[in-house]
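The values are calculated or read from the model by the stated rules, or taken from the named source; none is laboratory data. What you see is a predicted model; the values in this text were computed from it and never measured. Here Cβ is always computed from backbone atoms with ideal geometry, including for glycine, and neighbour counts include all displayed protein chains.
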Amino acid sequence: MSVDPQVIRAEPHTEIGNLIQLHAGTILERWSHRAVQEQPQAPRVHHAVLLNDLRDFLQTLGRSLAESQAPSTCSHCLPASNHGAQRWQTGWSLPEVVRDYQILRLVLVEFLEETLDRPLGYREVLAIGLALDEAISASVVKYVQGRDQEFHELQANHIEENRQVQQRLRVQAEALREADRHKNEFLAMLAHELRNPLAPVRNAVQFLMLKGSADPELQWAGEVIDRQVQHMSRMVDDLLDISRIAQGKIKLEKVPVELATVVARAMEMVRPLVDARKHQATIAIPPEPVWLEADPPRVVQVLANLLTNAAKYTDEGGQIWLTMERQADEAVITVRDTGIGIPSEMLPKVFDLFAQGDRNPDPSQGGLGIGLSLVRSLVDLHGGRVQASSAGRGHGSEFVVHLPILQQTPPATPETRKPVEHSSAPAHRILVVDDNKDAAQSLALLLKLCGQDVRTANDGPAALEIARTYVPEIVLLDIGLPHMDGLEVARRLRHDLGLKDTLLVALTGYGQEEDRRRSEEAGFNAHLVKPLDLHELHKLLARPTSSGSSEGTAEKG
């Protein structure tokens, strides 16, 4: 027959309750000894909190058993709750908390039976068990509350930390985007500022070379200056190209192109450097034509960069080989040299941006560390691949480019563009507008030497005033002018002065796609990038001056 717990709770058990209160210290020692004996390695045994409030718990437990049902009879639940909170804080497990009270039940029964010298009565055992069950419940509830509260706090902290991390990442991402924007603006401005002083230097040296001189040393000096200006111009272009590739702004203009033509153009570009360093360059091309569907200037750029590297990193009098062959559906171009080689530890990083290592003992032949990175990017854009190899220092280097070939030979088209001789260019009225006086004057001298009628202006208002009466057939106009930029000058020349047939040519240090688009929208017929090449100048002078017959898209500078 079951016993109602409320009835048991209402009954006073004075004898056993008083004994528990009187001998709380002895019971505490026995319980502690039994707990340590049962689990000597358990973490709970080694905490000083093991005995915290337990004496108070035994005292209140004794009172609960000794008194009848009254508000004080459940007072033992308060220290039991404290035990639950303490044991969660000190790392106990929930089974250890429950086992703690189970051990106490055993110790209590044994102690009371020894002290009373009789077995405990059925109702006394029930009363002790019921009181300890209440204690276990209170302790477990507090333990779980402490655990849940800590979990909640940890989760809240974790959410807050995640929020802060996400915020920091957003701030950092925005800072990186802003830094990248500033970097691109800086590169564009750097290119402009570098090209501006290069323009008068190249104009002047081309003027001297056109004038001619019997002095071989002066001829040599002119060639050196012109070669170094071209070298610096290519470095500026490479720097901007790397930035545009990183932003995904380079779009290939693929057309069928015969690879031998591309090789010849690349070799033509680097020939001055090869000759200056007295290298022996050997080119091996298969007799049958190999066609690519590619962007010709970009493939020329790839091969020119590889050949330039070979020339720079090979001592004077060394050898350079460029070989080309067809392998299945690929064209394989190999550039090999007898130069200083590449250390094995540098090979995996040789195509990384700004990676240079200690390859060149001659600082005058150094670079920006972007040429090979640009090579890989451009080859990747063409669906090809490039590899580097070297036997180590002093054993030369080899770069192999694989490009997909065009499976069908394109139909032959007649060559429509012929080289223009500068002496055959007709005379034109030309207005040169540049705030850099050296650039304007040197270009004017060069044009006059070619038989042209030239006026100069150094700002927009002066250019408009001259054009009003001079009515130029060609205007070579810088875009980065003070007060009134070249785009606004172009609009006013077209709309205010009605110069619809005048050939407007942007001659500027700004050469990115956005710059070309803006110049075309402003009414320019062509967009050339400083410094102006003499061959480009000859082609320009030979063009029709009527805007209706000029090309609608800006030329590549």
Given the residues 284, 264, which is the only one that is within 37 Å of the chain's Cα centre (by Cα), in the same structural domain as residue 332 (by TED's automatic domain parsing), small (Gly, Ala, Ser) and closer than 17 Å to residue 324 by Cβ? 264
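Between 318, 341, which is on the phi > 0 side of the Ramachandran plot and not acidic (Asp, Glu)? Show your work before the answer.
Values: 318 fails: on the phi > 0 side of the Ramachandran plot.
Checking each option against the conditions leaves just 341.
Specify which of the listed residues (383, 392, 357) is modelled with pLDDT of 60 or more, under 25 Å from the mean Cα position of the chain (by Cα) and surrounded by fewer than 19 Cβ atoms within 10 Å (Cβ to Cβ). Talk me through it step by step, then tell me what you get.
Details: 392 fails: under 25 Å from the mean Cα position of the chain (by Cα); 357 fails: modelled with pLDDT of 60 or more.
Exactly one of 383, 392, 357 is modelled with pLDDT of 60 or more, under 25 Å from the mean Cα position of the chain (by Cα) and surrounded by fewer than 19 Cβ atoms within 10 Å (Cβ to Cβ), namely 383.
Could you tell me whether residue 225 is among the aliphatic types (A, V, I, L, M) and either touching a Cys at 6+ places or on another chain (Cβ under 7 Å) or over 30 Å from residue 510 (Cα atoms) (or both)? Even if it seems obvious, please write down each step before you answer.
Working: among the aliphatic types (A, V, I, L, M): yes; either touching a Cys at 6+ places or on another chain (Cβ under 7 Å) or over 30 Å from residue 510 (Cα atoms) (or both): no.
No.
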For residue 298, state whether it is at pLDDT 90 or above and at negative phi. no
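Restricted to the stretch 109-132, and to residues that are among the acidic types (Asp, Glu) and part of a helix (DSSP H, G or I), which residue is nearest to the chain's Cα centre (by Cα)?
As a first pass, look at the stretch 109-132 and keep what is among the acidic types (Asp, Glu): 110, 113-114, 117, 124.
Next, only the ones that are part of a helix (DSSP H, G or I) stay: 110, 113-114, 124.
Values: 110: 74, 113: 79, 114: 80, 124: 78 Å.
Taking the candidates together, the pick is 110.
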Verdict on residue 314 being surrounded by 18 or more Cβ atoms within 10 Å (Cβ to Cβ), in contact with a strand residue (DSSP E or B) (Cβ under 7 Å, 6 or more places away or on another chain), closer than 24 Å to residue 333 by Cβ and polar (S, T, N, Q): yes
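To keep it simple, each residue is scored yes or no on (1) of a type in the set (Lys, Arg); (2) in a loop (DSSP other than H, G, I, E, B); (3) modelled with pLDDT under 90; (4) more than 35 Å from the chain's Cα centre (by Cα).
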{"site": "303", "(1), (2), (3), (4)": "no, no, no, no"}
{"site": "309", "(1), (2), (3), (4)": "no, no, yes, no"}
{"site": "322", "(1), (2), (3), (4)": "no, no, no, no"}
{"site": "325", "(1), (2), (3), (4)": "no, no, no, yes"}
{"site": "336", "(1), (2), (3), (4)": "yes, no, no, no"}
{"site": "342", "(1), (2), (3), (4)": "no, yes, yes, no"}
Filter the stretch 175-219 down to the residues that are surrounded by 17 or more Cβ atoms within 10 Å (Cβ to Cβ) and under 17 Å from the mean Cα position of the chain (by Cα), then identify the one that is nearest to residue 511 (Cα to Cα). 187
Of everything in the stretch 94-109, what is touching a Lys or Arg at 6+ places or on another chain (Cβ under 8 Å) and not aliphatic (A, V, I, L, M)? Give them in sequence order. 96, 100
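Hey, among the residues in the stretch 446-487 that are among the acidic types (Asp, Glu) and in a loop (DSSP other than H, G, I, E, B), which one's farthest from residue 436 (Cα to Cα)?
In the first step, residues of the stretch 446-487 are kept if they are among the acidic types (Asp, Glu); the result is 453, 459, 465, 473, 478, 485.
Add one more test, that the residue is in a loop (DSSP other than H, G, I, E, B), and what stays is 459, 473, 478, 485.
Details: 459: 9, 473: 22, 478: 9, 485: 13 Å.
Looking at residues that are among the acidic types (Asp, Glu) and in a loop (DSSP other than H, G, I, E, B), I get 473.
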Can you give me the number of residues within the stretch 223-277 that are among the hydroxyl-bearing types (Ser, Thr, Tyr), modelled with pLDDT of 70 or more and under 30 Å from residue 178 (Cα atoms)? 1
Working only within the stretch 111-129, note down all residues that are surrounded by fewer than 17 Cβ atoms within 10 Å (Cβ to Cβ) and touching a residue at least 40 places away in the same chain (Cβ under 8 Å). 115, 116, 123
Looking at the stretch 159-180, is at least one residue in contact with a Ser or Thr (Cβ under 6 Å, 6 or more places away or on another chain) and part of a helix (DSSP H, G or I)? no
Looking at the stretch 522-551, I want the residues that are among the aromatic types (Phe, Trp, Tyr) and have a partner that is at pLDDT 80 or above and surrounded by 19 or more Cβ atoms within 10 Å (Cβ to Cβ) with Cβ atoms under 6 Å, at least 6 apart or on another chain. Which pairs are those? 524/490; 524/504; 524/506
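Filter the stretch 488-542 down to the residues that are among the β-branched types (Val, Ile, Thr) and either at pLDDT 90 or above or assigned to a helix (DSSP H, G or I) (or both) and list them by number. Spell out how you get there, then give the answer.
Taking the stretch 488-542 first, the residues among the β-branched types (Val, Ile, Thr) are 489, 502, 505, 508, 529.
Residues satisfying the conditions are 489, 502, 505.
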How many residues are of a type in the set (Ser, Thr, Tyr) and farther than 30 Å from residue 244 by Cβ when one looks only at the stretch 274-309? 1
